[in-house]
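Structure first, commentary second.
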Amino acid sequence: MTSPTMTPVFVVLRVGAHLLFFGLIALVLIREALAPGAHSGMVIGLSAVLLITYALGAVFARPGGPRFGRLGLWWIGALSLEWVILLWFSSEAAYLVFPLFFLYLYFFGRWWGPVAILAATAAAIFALGLHDGWSVGGVVGPLVGAGVALLIGLGTQELAREAAQREQLVRELIDARSQLAATEHEAGVLAERARLAREIHDTLAQGLSSIGMLLHAAERADPERPGVEHLRLARETAAVNLTEARRFIRELTPPQLDDDGLGGALRRLAESRWAAQGLTVQVRVSDSVTLPMHVQTALLRIAQGAIANVIQHARASSATISLATDSETLSFVVTDDGDGFDPRALETGSPSTSDSFGLHATRERVQQLGGTLSVGSAPGHGTTLTVTLPGLGAQ
């Protein structure tokens with residue numbers, strides 16, 4: 001497929017090749033008109049046939065046309081045969097080899113194209129020597145033309161290849177940026193949900209719980225006092241609203257964390273999703289460690305991203321997720337026994353690769369928590385991803 005950024009270049013080259021071919025055909029016809037010879041009629045007829053063949057091919061066998069492919073090869077074969085026949089009768093037809101050079105390189109590729117160019121060059125040199133006698137110019141001219149055509153053709157193909165790669169990188173960059181934006185949006189939504197859950201828990205739920213206990217204490221202190229039924233109704237109303245508040249908290253909490261916290265969510269993923277994908281994951285996260293919901297959510301997403309990379313790229317058989325805390329720091333570690341890689345090559349490589357953007361997204365998530373991320377790996381020795389967060393010791 002032609003790269004859109006290279007389309008103007010190819011259009012200019014294609015138009016230039018057409019003009020060159022028509023100009024050289026005109027040169028052959030003018031030469032025969034000014035100095036007719038014994039075979040002038042044959043030369044004019046063959047030139048007309050060659051011109052028609054070229055024009056038909058330019059229309060029906062053009063790149064992207066409905067029958068481009070085998071028809072194009074038949075066309076270039078017929079064009080070459082007609083040129084060789086014309087070359088037998090007219091030495092000026094040798095100059096038509098120059099536009100043919102580009103056609104050969106385009107149709108036959110970077111390996112067979114040069115072979116066809118050398119064969120056509122030899123035919124042109126032989127024809128010039130046969131008609132006009134052997135000379136340095138008759139040998140050097142076609143050779144220089146062949147060399148220039150090779151340089152231009154191969155250079156253009158290389159430019160097209162680089163342009164296609166560049167466009168692929170741009171597409172990957174756009175996709176990765178979209179994924180990163182979606183991930184950050186999801187993280188923001190989860191963080192806001194967790195914040196709202198904490199606010200409801202620390203204010204409304206706690207307040208309703210306190211009101212219920214106070215009303216219950218007043219009811220027990222004097223169960224026969226006038227208006228006790230109003231205290232009972234107020235206590236029951238507070239209990240109902242407390243139940244609703246707790247339901248809101250559960251709904252705002254990420255579903256994977258609402259039962260057993262981070263450790264339980266990771267174990268469920270290890271036993272279901274990751275095991276089904278052929279990876280054995282050991283989870284060493286204690287359920288007794290209490291962390292803020294937004295921290296649990298972030299660590300869960302980090303683990304999911306890391307294990308996804310392990311499954312897709314590392315060819316590992318097992319991985320371990322562990323969490324350790326002390327009075328000052330929290331350490332969250334994901335290790336695997338896969339192929340490993342060179343972290344420096346990943347950081348200095350193309351920013352559009354999915355691995356690099358995944359690492360970049362994880363690092364940004366860790367930085368938002370005020371922590372640091374380190375990646376230790378080497379080819380053939382697995383990978384260790386370590387997240388260190390300050391001030392999140394056991395609570």
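Each row is one residue, and each column tells you yes or no for (1) farther than 28 Å from residue 130 by Cα; (2) modelled with pLDDT of 75 or more; (3) surrounded by 15 or more Cβ atoms within 10 Å (Cβ to Cβ).
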position: 10; (1), (2), (3): yes, no, yes
position: 26; (1), (2), (3): no, yes, no
position: 32; (1), (2), (3): no, no, yes
position: 55; (1), (2), (3): yes, yes, no
position: 59; (1), (2), (3): yes, no, no
position: 62; (1), (2), (3): yes, no, no
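It is to be established whether one or more residues within segment 362-369 are in a loop (DSSP other than H, G, I, E, B) and either modelled with pLDDT of 90 or more or closer than 28 Å to residue 174 by Cα (or both).
yes
Within the set of pairs 6 or more residues apart or between chains, which connect a residue that is within 13 Å of residue 295 (Cβ to Cβ) inside segment 179-200 to a residue that is surrounded by fewer than 16 Cβ atoms within 10 Å (Cβ to Cβ) with Cβ atoms less than 9 Å apart?
As it stands, the answer is 187/368; 191/368; 194/292; 198/292, since those pairs meet every condition given.
Condition first: of a type in the set (A, V, I, L, M, F, W, C) and either loosely packed, with under 13 Cβ neighbours inside 10 Å or free of Cβ contacts under 8 Å to residues at least 12 places away in the same chain (or both). Now tell me which residues in segment 131-148 satisfy that.
Hits for segment 131-148 are 134, 136, 140, 144, 148.
Quick test of your reading of the structure: residue 79 fulfils all but one of (1) surrounded by 13 or more Cβ atoms within 10 Å (Cβ to Cβ); (2) over 22 Å from residue 158 (Cβ atoms); (3) modelled with pLDDT under 80. Name the failing condition by number.
(3)
Residue 194 is checked against (1) of a type outside the set (Ser, Thr, Tyr); (2) under 30 Å from residue 110 (Cβ atoms); (3) touching a His at 6+ places or on another chain (Cβ under 6 Å) and fails just one. What number does that condition carry?
Failing condition for residue 194: (2).
Of everything in segment 364-390, what is on the phi > 0 side of the Ramachandran plot and touching a residue at least 24 places away in the same chain (Cβ under 8 Å)? Give them in sequence order.
Hits for segment 364-390 are 380, 382.
If a residue counts only when it is under 26 Å from residue 376 (Cα atoms) and in contact with a strand residue (DSSP E or B) (Cβ under 9 Å, 6 or more places away or on another chain), which helices (runs of 4 or more DSSP H) contained entirely in segment 228-333 have at least 2 such residues?
261-269, 293-309
Each row is one residue, and each column tells you yes or no for (1) surrounded by fewer than 17 Cβ atoms within 10 Å (Cβ to Cβ); (2) at pLDDT below 90.
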{"position": "300", "(1), (2)": "no, yes"}
{"position": "308", "(1), (2)": "yes, yes"}
{"position": "311", "(1), (2)": "no, yes"}
{"position": "315", "(1), (2)": "yes, yes"}
{"position": "327", "(1), (2)": "yes, yes"}
{"position": "333", "(1), (2)": "no, no"}
{"position": "337", "(1), (2)": "no, no"}
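Residue by residue through segment 174-193, note down the ones that are under 17 Å from residue 362 (Cα atoms) and surrounded by 15 or more Cβ atoms within 10 Å (Cβ to Cβ).
Answer for segment 174-193, where residues must be under 17 Å from residue 362 (Cα atoms) and surrounded by 15 or more Cβ atoms within 10 Å (Cβ to Cβ): 176, 180, 183, 187, 190, 191.
Criterion first (more than 19 Å from residue 17 (Cβ to Cβ), aromatic (Phe, Trp, Tyr) and surrounded by fewer than 20 Cβ atoms within 10 Å (Cβ to Cβ)) does residue 126 satisfy it?
yes
The values are calculated or read from the model by the stated rules, or taken from the named source; none is laboratory data. This is a predicted model, so every value here is computed, not measured. Here the Cβ is made from the backbone with ideal geometry for all residues, glycine too, and neighbour counts use every protein chain on show.
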